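Here is the structure we will look at, set down as structure tokens.
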Amino acid sequence: MPPDLKWKIVPSDLEILRRLAHRQAEISEAPDNIERRRLWLLHNSLRGQRPMLLAETGGVLNEFLAGVEFECQEEWARGLERELRLRILQYERVGDDAVVEPYVNVGWRVDVSDYGLEIKHTRGDSDGAMGSYVWEAPIKNLRTDLDKMHPRTYRVDRQATLDCRAHLEDVLEGILKVRIRCGGFWWSMGMTWVAIQHIGLENLMLFMYDDPEGLHRLMAFLRDDHLAFAQWSQREGLLTPNNENDYIGSGGHGYCDELPLKDCPPAGPARLKDLWVLSESQETVGVGPEFFGEFVFPYQLPIIEKFGLCYYGCCEPLHSRWEILKRIPNLRTLSISPWCDEQKMAAALGRRYVYARKPNPAQISTPRWDEDAIRADIRRTLTVAKGCEIEFAMKDVHTLANQPHRLGRWVRIARDVIDEFYD
């Protein structure tokens with residue numbers, strides 16, 4: 001189907017989008033933006049010159065974009081307008097180390113099935129905001145129910161993807177390059193959340209005692225299924241490098257001069273070994289290292305080893321698992337969550353890995369705004385992790401107490417404290 005039959009073109013929409021695209025292109029050439037790109041390359045190669053700073057807006061978009069008037073009429077145009085405006089506002093109002101590139105990315109249209117078992121979520125009335133929910137895990141007994149799960153199936157709609165790229169190329173007229181750049185096939189290869197959706201969190205832990213053989217079968221099934229999907233994506237030529245302004249791990253940028261590997265064809269698709277991968281198991285925070293080492297890690301490692309570099313962890317404290325995790329041969333970045341023993345992890349990581357610190361988002365979410373507490377928190381990390389390759393990512397923020405300027409203010413405070421430690 002020709003693009004003009006899929007996307008209604010309104011001349012005023014084109015004018016708005018092209019104006020915003022010109023602004024993004026202008027920012028991409030700004031000296032401070034170019035410098036951030038250089039610093040990320042050094043940082044992820046363990047040769048950083050200062051800690052890197054990120055402040056995510058994803059959980060607070062309604063507050064962050066409050067008062068922003070969207071002008072486009074057509075739905076597709078409003079989606080692109082939102083993307084462009086958010087990128088520009090991140091640069092102008094937040095001022096962290098997020099990099100603006102002269103690109104717009106399009107992902108391959110890939111449909112992935114479920115495992116053949118329905119998982120119904122029941123949500124409370126949260127008036128459109130994020131809220132709690134419950135679900136009934138479909139597998140109660142691994143001995144009798146596990147065989148009801150079947151491997152996922154997947155298909156790619158190449159024509160729809162190419163049509164979308166062609167449409168955006170017409171809209172943007174070369175102001176920004178339109179690339180097919182994939183980052184949405186999976187977020188994590190950790191697998192424990194998928195397991196919990198099907199058997200429940202309580203059962204995940206109980207089965208370690210009551211049915212260890214069945215739990216091993218489940219984790220082996222998920223390992224094989226995740227590997228199959230990744231290898232299918234590679235065979236289909238759908239993988240693209242994630243070594244630039246690509247979201248990696250649980251909050252970071254993929255800039256790296258080690259990936260893709262030197263033998264990766266410049267014009268060809270990427271391979272798994274050319275990419276970053278995230279693995280984590282934040283749901284098993286209540287599981288000790290012995291059981292983590294028996295029921296989780298052995299199934300994660302064969303997947304991790306297929307990739308180029310690994311970012312490990314999200315919200316779970318990793319200090320109790322470090323003796324296990326350090327066996328990952330391609331480990332590069334570790335998430336240092338608010339519940340992590342910073343001193344233990346700093347001593348363990350040194351300058352051999354990236355120390356990806358996640359400050360507690362409550363600092364900028366609660367009604368009381370305490371700049372002294374924010375400074376003390378940043379200063380404590382810089383003191384404890386002195387000599388480490390540090391990055392800060394303020395993430396998992398779900399409210400700014402209706403004060404959207406707080407994100408940018410947190411960045412400025414953090415920069416001031418960093419300047420005390422780095423000339």
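Rule-based calculations on the coordinates, nothing more; no lab input. Just so we're clear, the structure is a prediction, and the values are computed from it rather than from any experiment. FYI the Cβ positions are ideal-geometry reconstructions off the backbone, even for glycines, and counts take in every protein chain you see.
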Considering the range 242-270 alone, what residues qualify as being free of Cβ contacts under 8 Å to residues at least 40 places away in the same chain and closer than 23 Å to Val354 by Cβ?
Asn243, Lys262, Cys264, Ala270
Taking Ser113 as the residue in question, decide whether it is in contact with a Gly (Cβ under 6 Å, 6 or more places away or on another chain) and among the hydroxyl-bearing types (Ser, Thr, Tyr).
no
Over the range 202-215, the set of residues within 15 Å of Thr284 (Cα to Cα), more than 26 Å from the chain's Cα centre (by Cα) and surrounded by 14 or more Cβ atoms within 10 Å (Cβ to Cβ) is Asn203, Met205, Phe207, Met208, Leu215
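Among what's in the range 372-406 and is in a helix (DSSP H, G or I) and acidic (Asp, Glu), pick the residue that is surrounded by the fewest Cβ atoms within 10 Å (Cβ to Cβ). Don't jump to the end; show me each part of the working.
Taking the range 372-406 and keeping what is in a helix (DSSP H, G or I), we get 372-384, 406.
Subsequent filtering for residues that are acidic (Asp, Glu) retains 372, 377.
Working: Asp372: 8, Asp377: 20.
Once the filter is applied, the top-ranked residue is Asp372.
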Spot the failing condition for Pro298; the list is (1) part of a loop (DSSP other than H, G, I, E, B); (2) under 23 Å from Gly214 (Cβ atoms), and only one is missed.
(1)
Sort out which residues of the range 153-183 are part of a loop (DSSP other than H, G, I, E, B) and touching a strand residue (DSSP E or B) at 6+ places or on another chain (Cβ under 7 Å), and write them in order of number.
Leu176, Arg181, Gly183
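Of all the residues that make up the range 184-212, how many are in contact (Cβ under 8 Å) with a residue 24 or more places away in the chain and either hydrophobic (A, V, I, L, M, F, W, C) or assigned to a loop (DSSP other than H, G, I, E, B) (or both)? Outline the logic, then answer.
Of the range 184-212, the ones in contact (Cβ under 8 Å) with a residue 24 or more places away in the chain are 184-201, 203-205, 207-208, 211-212.
With the extra rule that they be either hydrophobic (A, V, I, L, M, F, W, C) or assigned to a loop (DSSP other than H, G, I, E, B) (or both), the set shrinks to 184-191, 193-196, 199-201, 204-205, 207-208, 211.
Within the range 184-212, residues that are in contact (Cβ under 8 Å) with a residue 24 or more places away in the chain and either hydrophobic (A, V, I, L, M, F, W, C) or assigned to a loop (DSSP other than H, G, I, E, B) (or both) number 20.
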Restricting the search to the range 260-283, which residues are within 18 Å of the chain's Cα centre (by Cα), crowded, with 22+ Cβ neighbours inside 10 Å and of a type in the set (A, V, I, L, M)?
Leu275, Val277, Leu278
Filtering the range 99-142 down to residues that are free of Cβ contacts under 8 Å to residues at least 40 places away in the same chain, over 29 Å from His398 (Cα atoms) and of a type in the set (Lys, Arg) yields none
Residue in the range 332-350 that is closer than 26 Å to Arg47 by Cβ, out of contact with any His (no Cβ under 8 Å at 6 or more places or on another chain), charged (D, E, K, R) and without any contact (Cβ under 8 Å) to a residue 40 or more places away in the chain present:
no
Check off (1) of a type outside the set (D, E, K, R); (2) within 30 Å of Glu83 (Cα to Cα); (3) part of a helix (DSSP H, G or I); (4) in contact with a helix residue (DSSP H, G or I) (Cβ under 7 Å, 6 or more places away or on another chain) for Leu259 and give me the number that stays unchecked.
(3)
Can you pull out every residue in the range 224-255 that is small (Gly, Ala, Ser), within 21 Å of Arg332 (Cβ to Cβ) and in a helix (DSSP H, G or I)?
Ala230
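The rows are residues; the columns are (1) under 22 Å from Arg50 (Cβ atoms); (2) out of contact with any Lys or Arg (no Cβ under 8 Å at 6 or more places or on another chain).
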site: Leu309; (1), (2): yes, no
site: Cys315; (1), (2): no, no
site: Ala362; (1), (2): no, yes
site: His405; (1), (2): no, no
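One line per residue, one yes/no per condition, for (1) of a type in the set (Asp, Glu); (2) touching an Asp or Glu at 6+ places or on another chain (Cβ under 9 Å); (3) within 26 Å of Cys164 (Cα to Cα):
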{"residue": "Asn62", "(1), (2), (3)": "no, no, no"}
{"residue": "Val68", "(1), (2), (3)": "no, no, no"}
{"residue": "Glu71", "(1), (2), (3)": "yes, yes, yes"}
{"residue": "Arg78", "(1), (2), (3)": "no, yes, yes"}
{"residue": "Arg82", "(1), (2), (3)": "no, no, yes"}
{"residue": "Ile88", "(1), (2), (3)": "no, no, yes"}
{"residue": "Glu92", "(1), (2), (3)": "yes, no, no"}
{"residue": "Asp97", "(1), (2), (3)": "yes, yes, no"}
{"residue": "Val106", "(1), (2), (3)": "no, no, yes"}
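Check whether at least one residue in the range 284-307 is under 30 Å from Leu201 (Cβ atoms) and within 15 Å of the chain's Cα centre (by Cα), and report yes or no.
No, the range 284-307 has no match at all.
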List the number of the failed condition for Asp145; all other conditions in (1) in contact (Cβ under 8 Å) with a residue 60 or more places away in the chain; (2) more than 30 Å from Glu26 (Cβ to Cβ); (3) in contact with a Leu (Cβ under 9 Å, 6 or more places away or on another chain) hold.
(1)
